[in-house]
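First up is the structure itself, then whatever we jot down about it.
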Amino acid sequence: MKRTNRFRPHSVSREVRDDGSLLLTSNYPLGPVVERTGDWLHRWADEAPDRVFLAERSGAGWRAVSYAATLQQVRAIGAALLARGMGPDTPILIMSGNGVDHGLLSLAAQYVGVPTAPVAEQYSLIHGAHGRLRGAIELLKPKMAYVVDADLYVEALGLDALAGVEIVSSRPGHVIGVTPFEELLQGDVGVDVDAGFAQVTPDTVGKILMTSGSTSSPKGVLTTHRMMCVNQTQLADALPFLPERPPRIVDWLPWNHVFGGSHNFNMMLANGGSLYIDDGKPVKGLFERTLENLSLMTGTAAFNVPLGFGMLLGALRKDAELRRRFFEDLDLVFYAGASLPQDTWEGFEAMAMEVKGEVPLMTSSWGLTETAPSAMMQMEPTERSGVVGVPLTGVTLKLVPDPDMRCEVRVKGPNVMTGYFEDPDKTTAAFDDEGFFITGDAMMFLDPADPNKGMRFDGRISDDFKLLTGTWVRAAQLRLDILAHLAPLASDIVITGADRAQIGVMIFPDTAELQREGFELHEDTGALTCKLLQGEIHRRLAERAREVSGSSTLVSRAIVLCEPPSMPEGEMTAKGNLNFRKVLTRRKALLDRLYDDNDPAVTLA
């Protein structure tokens, strides 16, 4: 199979230390780094003034903003912010999702040294999630808050925590006291915007990004211009085709998350690219909008989560014209959030070969909000999913291996945060005595004898647990394996068994899929009962049991939950990740039932 030859071969050095830990670094030097995100904007407004930078759907087409127009509007908004006395200590809370005005406000704030803090729009739109929003407001103490549509967000705007905060909206609607976004675009001729821009340094905080809260309460990551600018140089070092021609993406990934808001947004800005905002997403009722958007515009790179790529693969199989347009100019297929199922991977490979006679670089990377985000990347073509590669330029990985060479990962580099917002204790606890950020993630070498083969993600250390026998269970990898066996019946699962004799699974079903398959479901004190469904789950897990050996991977119990994970109750984060501990504590009665030997519905034969 012909694969793209536009890649940078892996070249890393590995040092074995006296304490048994390993240091892994790139042999390539870090390329040139700009000081501020505004430097990118100035470059492209000068070199490609008419090229589209941001676009969003408007009627049958797009509302597009060029680089020259972006710079002009960013400077006007920046002047309006400075005229209000705003600066490093007056964050702007952004409460709504991706949009052109959202992007302009973010860049304008960065341009004059005002941090923005985008939060998940679900916190504002879902009544039960307002507690999460209130917590963010109380932590950040913003001077301004932005929503795209004041009528749509009116309930959240009425929170007492926003008293005294200037509310800005692109569509003020009927809400009294809201500042129209157009007022910011008028700027202020009495303000020296150039002086404001000159005060911004690499150490200036550009954004405060909230962590997901899947393992602890959300924290505000202080994201500096240095972190964002260095990370884009690291990505360009790893993906040499990025600077060769302006990239283009049609992307839905939310900007309150580091993947969409820093990785993808800044990748377009740094390389003179164009970001067409996809107002769909891979969920029922909205994915059709994604397909409509792709019928109007396709990209040179495709970023998505595995679920999104799976849905897209099915749609491309049915539409030859969309398939041709999607692949004909494609350089990169990039997944994150979880491992891409191998059959999805192979499906994209086959389609690419059919359309253009070669496979684009299909890859993933690893990182966190605290690392801006990318710290590792698979830069070479590979034939398998799940590989996250080697350290990027300027990054040093500290690997602490166990006897099986499963390595706890720590990281140091100019793309790593200096600390959490207003939380010195958690900041101190986040770093070891050598200044390495303690990620809590685990990795395995594909080939322990050759670090250039790369590494694969092997779960979070904190997700692992012991059975009563003392046997360790690596829950993250086991979860992926079980999900693959239960697909498409299960939307997600929680692995259980800590301090118990056997491993169990609590299953969140894909009820729409179950109904399509003809299962008649009934609620039974928090669980779904259906003899046919129970029989199918038992059959699949029994089939898997014949393929595995050892109590660390053998699943002996299963229960299907009737209530989906609750975001207001903290069981699901805004990114769609489960908070396993919260699920287990909130549903303790069902967990106890799962281990009731007298209940035949939960015990696998």
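The values are calculated or read from the model by the stated rules, or taken from the named source; none is laboratory data. Bear in mind that the values here come from a model prediction, so they are computed numbers and not experimental data. Cβ atoms come from the backbone with ideal geometry, glycine included; neighbour counts cover every protein chain shown. These area figures cover heavy atoms from the full protein model, side chains too; ligands, DNA and RNA do not enter into them. Shrake-Rupley method; radii C 1.70, N 1.55, O 1.52, S 1.80 Å.
Candidates are the residues of the range 548-575 that are touching a residue at least 40 places away in the same chain (Cβ under 8 Å), open to solvent by 50 Å² or more (accessible area, probe 1.4 Å) and not basic (Lys, Arg); the one that is nearest to ALA476 (Cα to Cα) is LEU554. Mind counting the residues in the range 522-545 that are over 20 Å from GLU571 (Cβ atoms), of a type in the set (A, V, I, L, M, F, W, C) and in contact with a Cys (Cβ under 8 Å, 6 or more places away or on another chain)? Adding up the residues that qualify gives 0. Restricting attention to the range 420-441, the residues that are at positive phi and part of a loop (DSSP other than H, G, I, E, B) add up to 2.
What is the residue count in the range 337-383 for residues that are part of a helix (DSSP H, G or I) and either among the β-branched types (Val, Ile, Thr) or surrounded by 21 or more Cβ atoms within 10 Å (Cβ to Cβ) (or both)?
The number of residues fulfilling the criteria is 8.
Of the residues in the range 488-499, none is among the hydrophobic types (A, V, I, L, M, F, W, C), closer than 25 Å to LEU368 by Cα, touching a residue at least 24 places away in the same chain (Cβ under 8 Å) and surrounded by fewer than 20 Cβ atoms within 10 Å (Cβ to Cβ).
Listed here are the helices (runs of 4 or more DSSP H) enclosed by the range 33-138 that have at least 3 residues being modelled with pLDDT of 95 or more and surrounded by 21 or more Cβ atoms within 10 Å (Cβ to Cβ): 37-47, 67-83, 100-112. For the range 389-403, the set of residues classified as crowded, with 24+ Cβ neighbours inside 10 Å, outside any loop (DSSP other than H, G, I, E, B) and of a type in the set (Val, Ile, Thr) consists of VAL390 only. Per the listing LEU604, LEU578, the residue uniquely in contact (Cβ under 8 Å) with a residue 24 or more places away in the chain, over 31 Å from the mean Cα position of the chain (by Cα) and open to solvent by less than 80 Å² (accessible area, probe 1.4 Å) is LEU604.
The residues on offer are VAL114, VAL148, VAL168, VAL178, and the sole one that is over 25 Å from ILE249 (Cβ atoms), in contact with a Gly (Cβ under 8 Å, 6 or more places away or on another chain) and in contact (Cβ under 8 Å) with a residue 24 or more places away in the chain is VAL114.
Against the conditions (1) touching a strand residue (DSSP E or B) at 6+ places or on another chain (Cβ under 6 Å); (2) of a type outside the set (Lys, Arg); (3) part of a loop (DSSP other than H, G, I, E, B); (4) surrounded by fewer than 24 Cβ atoms within 10 Å (Cβ to Cβ), PRO246 satisfies every one except (1). The set of residues from the range 325-334 being open to solvent by less than 10 Å² (accessible area, probe 1.4 Å), outside any helix (DSSP H, G or I) and in contact with a helix residue (DSSP H, G or I) (Cβ under 8 Å, 6 or more places away or on another chain) comprises LEU330, VAL333. Would you confirm, using the coordinates I've provided, whether LEU30 is part of a loop (DSSP other than H, G, I, E, B) and open to solvent by 20 Å² or more (accessible area, probe 1.4 Å)? Answer is yes for this residue. Would you confirm, using the coordinates I've provided, whether ALA315 is hydrophobic (A, V, I, L, M, F, W, C), in a helix (DSSP H, G or I), surrounded by fewer than 18 Cβ atoms within 10 Å (Cβ to Cβ) and free of Cβ contacts under 8 Å to residues at least 12 places away in the same chain? So ALA315 does not fit the description; no.
Do we have ARG474 as open to solvent by 50 Å² or more (accessible area, probe 1.4 Å), among the basic types (Lys, Arg), within 25 Å of ILE537 (Cβ to Cβ) and modelled with pLDDT of 90 or more here?
No, not satisfied.
Taking the options VAL191, VAL148, name whichever one is in a loop (DSSP other than H, G, I, E, B), open to solvent by less than 50 Å² (accessible area, probe 1.4 Å) and at negative phi. Matching residue, one of VAL191, VAL148: VAL191. Residue pairs whose Cβ atoms lie under 9 Å apart, separated by 6 or more positions or on different chains, with the first residue in the range 87-103 and free of Cβ contacts under 8 Å to residues at least 12 places away in the same chain and the second buried (at least 24 other Cβ atoms within 10 Å of the Cβ), are ASP89/PRO115.
Any chance the range 1-12 includes a residue that's surrounded by fewer than 17 Cβ atoms within 10 Å (Cβ to Cβ), touching a residue at least 12 places away in the same chain (Cβ under 8 Å) and part of a strand (DSSP E or B)? No, the range 1-12 has no match at all.
Selection of the range 492-505 for residues being more than 23 Å from GLY576 (Cα to Cα) and assigned to a strand (DSSP E or B) yields only ILE503.
Does PRO202 satisfy being without any contact (Cβ under 8 Å) to a residue 60 or more places away in the chain, touching a helix residue (DSSP H, G or I) at 6+ places or on another chain (Cβ under 6 Å) and surrounded by fewer than 24 Cβ atoms within 10 Å (Cβ to Cβ)? Here the answer is no, as PRO202 does not meet what is asked. Pairs meeting the criteria (first residue in the range 319-343 and at positive phi, second residue of a type in the set (Val, Ile, Thr) and at pLDDT below 95, beta carbons under 6 Å, at least 6 apart or on different chains) are GLY337/VAL305.
State yes or no: is ALA302 crowded, with 23+ Cβ neighbours inside 10 Å and at pLDDT 95 or above? Yes. Of everything in the range 409-459 that is of a type in the set (Lys, Arg) and within 29 Å of ARG8 (Cβ to Cβ), the residue that is most open to solvent (accessible area, probe 1.4 Å) is LYS453.
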